[in-house]
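*Asks:* Provided herewith is a single structure, encoded as structure tokens, for subsequent inquiry.
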Amino acid sequence: AFVRDEDQNRLGDSALYLVDPQGGNLQRGTKQQGPYHDPTWSPHGPSIAFIRGDRICVLRPNGTERTLAAGFTRISGIDWAD
């Protein structure tokens, strides 16, 4: 998983992308534009936690995005608890 700027002229206009370990099958993981940061795979696989603006979110294997917490003024990174 990685974050890619969608428009070099607009700050924070990014999306979360997924690629398989061999470097193929590139697909966009998020439907919304946003300032996405710090994608982090869950310890056992298919979910990805990430920061979108003032929110901590999870991208589920079925492609849906769930907000876990919101309203932060500063987030400096995330990690999963096992």
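*Asks:* Provide the per-residue ³J(HN,Hα) series for segment 59-75, in order, calculated from phi with Karplus coefficients 6.51, -1.76, 1.60 and θ = phi - 60°, each as a whole number of Hz, with x at glycine and proline positions.
*Replies:* Per-residue couplings from phi come out as 9, 8, x, 7, x, 7, 10, 10, 7, 8, 7, 9, x, 6, 8, 8, 10 Hz.
*Asks:* Right, next: Ordered by residue, what ³J(HN,Hα) values in Hz, to whole numbers, does segment 35-42 give under the Karplus form 6.51 cos²θ - 1.76 cosθ + 1.60, where θ = phi - 60° and Gly and Pro are x?
*Replies:* x, 9, 8, 6, x, 9, 5, 5
*Asks:* If one computes P(r) from the Cα atoms of the chain, what percent of pairs lie at distances over 23 Å? Show your work: numbers first, answer last.
*Replies:* Numbers: 589 of 3321 pairs.
In whole percent, the share of Cα-Cα pairs in the chain beyond 23 Å is 18.
*Asks:* What are the residues whose amide H is under 5 Å from the amide H of Thr30, where those residues sit 5 or more places off or on another chain and H is modelled from the backbone?
*Replies:* Leu16
*Asks:* Gln27: net charge of surrounding residues, Cβ under 13 Å, Lys/Arg +1, Asp/Glu -1, itself excluded?
*Replies:* Values: positive: Arg4, Arg28, Lys31; negative: Asp20.
So the environment of Gln27 carries a net charge of +2.
Read the figures in this text as sums done on the coordinates, not as results from a lab. Quick caveat: nothing in here was measured; it's all calculated off a predicted structure. Backbone-built Cβ (ideal geometry, glycine too); neighbour counts: all protein chains shown.
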